[in-house]
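For reference, the structure discussed in these notes is given below.
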Amino acid sequence: MKKKPFSELVIGVAFILLGICVVILAGSLNKVKLGIGPGGFPTFIAILMILLGAVQTIATLRAGFEAPAFTADRRQTLLFLCAVALAVLYVLLVPVAGFLLATPVLVFCMMMLYGNRKYLLCAAISILSTVAVWLLFTRVFLIFLPAGRLLR
Amino acid sequence: MLPHLLAGFANVFQPFNFLYMTFGTVVGVVIGALPGLSGSMGIILLLPMVYAMEKSTALVMLCGIFCGSMFGGSVSAILLRTPGTPSATATLLDGYPLAQQGKAGKAIGTAAVGSVIGGLVSCACLILIAPQLAKVALKFHSADYFALALFGLSIMASSAGKNVLKGLMAGAFGLFISTVGTDPLVGSARFTFGNPKLMIGFPQLAVLIGVFALSEVFTQVQGGVHRVEVKEQNVTDFFPNSKEFRRIVLPAVVGAFIGVFIGIIPGTGGAIAVFIAYNVAQRMSRHPEEFGKGALEGIAAPEAANNGTTGGALVPMLTLGIPGDTVTSVMLGALTLIGVTPGPQLFVNSPDIIYAIFAGMIVIQFLMLVFGLLFAKVAPRVLQVPTDILMPIILMLCIVGAYSLANQTYHVAVAIAFGVIGFFMKKYHFPGAPLVLGVILGPIAEKNLDRALQLSRNDWTIFFRRPIALTFIILSIVMVGITFYNNAHEGKRKAGKKA
């Protein structure tokens, strides 16, 4: 039988642990006489999660698993982390800087992350696409986009 | 029915409705053709637009994206040997070899004709089946709805193929996600850890944006600059001649019915239907040896099947509020934005909306034919849009879409969080669709389970005493059982071969 990656075991165990946490937390919710109550459905799901996690764990243990190895491509991992960090930073910045200031920066930086090195072209596309989306949504579709405290 | 349908046609031919329907179809074709983007992504990108629209306008535009993307996927399958959507995977088996023979135009034309046949058959089935099913659904008890939700989840997990366990795990995780926030039964806070923002839970559409769209942005960033190389193709001579048409019409009609049948089953979709239709077309053909080398039936049948699923998938969505596939699950979320609650009551209270969809679906098939073929002419240039430009703009549109759900950055944060979860799910081969279905079906299952038990005074046998509920429960067990058995059998067969 082909060995499974170590991650399969980690996911199985994590699923069991999550299920156990949900059972404990659901147990502290209000009880009702009729029906399932707020804790009933999460408890069913948690039991299902524990069972599925157990099947995943046992299947991985039976098949055997490869030794944990951190073989991930560093550059790829860094690119992914930078993309997520940029998106999170954007969420934090947009209430302050507003859509019009924060979005071109996000789009430009993402283009850089994607490997585009035509700086002027990227800057032009970032600004033009942001302004186009801003005009379209605020003027045509009448959807409010965050103006930001800086521009107010 | 006929007067309603005629009123529906009058509705869709209103200038604004027709304009947006055409726009939706064109966007669908283009999005579908771009590898990595799908119909669900198209709907997500246009979500903010639907607020400002009339209900029927928004609905026909969404249907346009749905149908257009099904056909669009075939264009890149034929020209690039890369299916634009999973539903176009079978089309490339014969479409690409035909394009290699210098007949790309003929291949795309056959795909368009097959798509129209599939779409029209599925419209006919939708118009005939949906109102009848809605009448039956009006009599559904809460126990039946709970069992139906269970069935939807089991089918979705089963359709995860060899990853059935992972499909079930993703579905269970989605169900758990749906329980976070204020519970729908007594209104108490659940798993919020005192955070007031979590009281609204994880909004379904923000989760959808994350799992289906942002995860793609995060995945593709690891690929670096990706510019598709499209060889110069002779994209002319679209339409099959009468002899060729006679050859493709029967496999296309059979494929269309297969598509409708698969589409109606909740949680399935075009990706499954196309291979069944392809195999059936090969068995039916007088020249099975031509399959894989550019057989026209090998293009028409799967294309008819994937467009056949469109009308089929709308049946459970409109009548029961249960999505037929991933695109309709996003559509279901979009409907809530415009205040449309799918279900049998929609047929009673808003027949104008229902028949506008029916009429729109018919008109869209012809729009798809015209604009699909026009797009095929410029496709070699459009498909060269590099990911390093496209993906950051998609990210921006996803953020706008998530923000516009409630004018809150919380929704954007949820979308990003689920984008990361979706990224890891892809990395470790967990299907995203069962998670989304779990999030959608979770509240339906919970409310109906509670209501059924309240009505029966906590008598669990209610689920086995009602014939409809019992049927769905048995079907759920059988579906999961068959899939596990097939997986085990397949594993043993492979082990035997190696030995």
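Read the figures in this text as sums done on the coordinates, not as results from a lab. Because the structure is predicted, anything quoted here is derived from the model rather than measured. Ideal geometry is used to build each Cβ from the backbone, glycine not excepted, and the neighbour counts take in all protein chains shown.
The table that follows gives values for the structure above.
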| read-out | value |
| --- | --- |
| Order of B:Y355, B:Y410 - criterion: other Cβ atoms within 10 Å of each residue's Cβ, fewest first | B:Y410, B:Y355 |
| Inter-site label distance for B:F424 and B:V186 at 7 Å from Cα along Cβ, in nm | 3.3 |
| Ranking of B:E216, B:E244 by count of other Cβ atoms within 10 Å, fewest first | B:E244, B:E216 |
| Relative contact order %, chain B, counting alpha carbon pairs below 8 Å whose residues are six or more apart | 28 |
| Inter-part distance where segment B:24-46 and segment A:35-80 are each reduced to a Cα centre, Å | 32 |
| Sum of -39500 (n - 2.57) over DSSP H runs of 4+, divided by residues of chain B (222 nm, nearest 500) | -24500 deg cm²/dmol |
| Label-to-label distance, nm, for residues given as B:F13 and B:F193 (7 Å Cα→Cβ offset) | 5.9 |
| Label-to-label distance, nm, for residues given as B:F275 and B:L250 (7 Å Cα→Cβ offset) | 2.6 |
| FRET efficiency for B:I482 and A:I127, using Cβ-Cβ distance with R0 set to 56 Å, rounded to 0.05 | 0.50 |
| Dipole in debye (nearest 20) - the protein assembly as shown, about Cα centre, beta carbon charges: Lys, Arg +1; Asp, Glu -1 | 1060 |
| Cα-based reach from B:K103 at 20 Å (exclusive), listing aspartates and glutamates while leaving out same-chain residues under 8 positions away | B:D94, B:E229, B:E232, B:D237, B:E244, B:E289, B:E290, B:E297, B:E303 |
| Residue-span extension gain [A:L150 to A:K3] - 0.36 nm each, minus C-alpha spacing | 47.3 nm |
| Cα gyration tensor category, rounded, prolate or oblate, for the protein assembly as shown with a/c compared to 1.5 | rounded |
| Chain lengthening between B:Q454 and B:T336 when straightened (0.36 nm per residue, less Cα-Cα) | 39.8 nm |
| Exposure proxy order (Cβ contacts within 10 Å, fewest to most) of A:T130, B:T309, B:T192, B:T89 | B:T192, B:T89, A:T130, B:T309 |
| Proximal lysines to B:K166, defined as alpha-carbon separation beneath 19 angstrom and excluding residues fewer than eight positions away on the same chain | A:K2, A:K3, A:K4, B:K426, B:K427 |
| Cα gyration tensor shape of chain A, rounded if a/c is under 1.5, else prolate or oblate by comparing a/b with b/c | oblate |
| Percent breakdown of C-alpha pair distances by 20 Å bin, ordered from the shortest bin, for segment B:2-498 | 24, 58, 17, 0 |
| Segment A:74-140: C-alpha gyration tensor shape, a/c 1.5 cut-off, then a/b vs b/c | oblate |
| Dipole of chain A [Lys/Arg +1, Asp/Glu -1 at C-beta], most positive-end residue of A:W134, A:M110, A:Y90 | A:W134 |
| Other-chain or far-sequence residues with amide H under 5 Å of A:F65's (modelled H) | A:K4 |
| Mean Cβ count within 10 Å, highest first, over the residues of peptides B:122-134, B:33-45, B:357-369 | B:33-45, B:357-369, B:122-134 |
